[in-house]
Amino acid sequence: MGYMTVEEHSGTLLHLKRSPGIRSWSLLVGIASVGLAAAYYSSDSNLWKLFYVTGCLFVAVQNMEEWEEAVFDKTKNLIELKSFSLYALVLTFWRKGHEKVVLDLTQLCDICIQEERVRYLGKGYLLMLRLAAGFSYPLTQSATMGSRSDVEAVAVLLKRFLGLEELQQRKQQEEEAEYGEEDDSLDNSSDSEDEAGNH
């Protein structure tokens, strides 16, 4: 799977991981090379050369995707979303860079694919976790470029692991049954009104 890879998969635990892709590493190497070339061929002072290299490295790191993890634990009924940003780490002088979000697994009611426009690069796709409280949270902070099939594969895996399709079918059947009962009660009340009118 290109969107996220399976680190661990059992009946009660699903651990997904994601690392920066080829695009991120290519940008890092390309932008860093520009800085090194500018410093090498420049006749400026060493201080300016250092500025060229560090400036380009900073821009390259800024465009890096994050390292991300998602853990779905049925025993604890928790979803843990962890991310590690090299850019945030550099920007805060190694004080910050790790983020962790914990969600209630029992509140998860649906998983859907969202299309996102990525500047200069076109369309990307990511998974959204829809909670019963009415808000959604992205499974990953950045979208995957190109094929939608990788994201769909992760969505199918998650829905199968969590039994979301069966849950949705059961809810739909319950709603249909309630709707049917309401229709029957309305029909009975209208019949009784007609009988009362005839008398």
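List of remarks:
- For the stretch 17-33, a residue qualifies if it is touching a strand residue (DSSP E or B) at 6+ places or on another chain (Cβ under 8 Å) and open to solvent by 60 Å² or more (accessible area, probe 1.4 Å), and the qualifying residues are 17, 19, 23.
- Contact map, the stretch 1-24: residues that are at pLDDT 90 or above paired with residues that are of a type in the set (Phe, Trp, Tyr) and open to solvent by less than 70 Å² (accessible area, probe 1.4 Å), Cβ distance under 6 Å, separation 6+ or inter-chain. Pairs shown: 14/72; 14/161.
- All conditions in (1) open to solvent by 50 Å² or more (accessible area, probe 1.4 Å); (2) out of contact with any strand residue (DSSP E or B) (no Cβ under 7 Å at 6 or more places or on another chain); (3) under 25 Å from residue 125 (Cα atoms); (4) aliphatic (A, V, I, L, M) hold for residue 36, with the sole exception of (3).
- Test: residue in the stretch 58-72 that is open to solvent by 60 Å² or more (accessible area, probe 1.4 Å) and among the charged types (D, E, K, R): no
- Qualifying positions in the stretch 145-190 - open to solvent by less than 70 Å² (accessible area, probe 1.4 Å) and modelled with pLDDT under 80: 145, 146, 147, 167, 168, 177, 180, 183, 185, 189, 190
- Residue tally, condition touching a residue at least 60 places away in the same chain (Cβ under 8 Å) and more than 20 Å from residue 25 (Cβ to Cβ), over the stretch 61-97: 5
Results for (1) closer than 14 Å to residue 86 by Cβ; (2) in contact with a Ser or Thr (Cβ under 9 Å, 6 or more places away or on another chain); (3) modelled with pLDDT under 85; (4) among the acidic types (Asp, Glu), shown as yes or no for each residue.
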residue	(1), (2), (3), (4)
28	yes, no, yes, no
31	yes, no, no, no
35	no, yes, no, no
40	no, no, no, no
46	no, no, no, no
51	no, no, no, no
64	yes, yes, yes, no
68	yes, yes, no, yes
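- The lone criterion from (1) over 14 Å from the mean Cα position of the chain (by Cα); (2) of a type in the set (Lys, Arg); (3) surrounded by 16 or more Cβ atoms within 10 Å (Cβ to Cβ) left unmet by residue 82 is number (1).
- Residue in the stretch 42-57 that is within 30 Å of residue 113 (Cα to Cα), open to solvent by less than 60 Å² (accessible area, probe 1.4 Å) and assigned to a helix (DSSP H, G or I) present: no
- Whichever residue in the stretch 92-136 is part of a loop (DSSP other than H, G, I, E, B) and open to solvent by less than 40 Å² (accessible area, probe 1.4 Å) and, among such residues, is modelled with the highest pLDDT: 92
The values are calculated or read from the model by the stated rules, or taken from the named source; none is laboratory data. Model, not experiment: these values are computed from the prediction. We place every Cβ from the backbone using ideal geometry, glycine too, and count neighbours over all the protein chains shown. Just the protein is used for accessible areas: all its heavy atoms, side chains included, with ligands, DNA and RNA removed. Shrake-Rupley method; radii C 1.70, N 1.55, O 1.52, S 1.80 Å.
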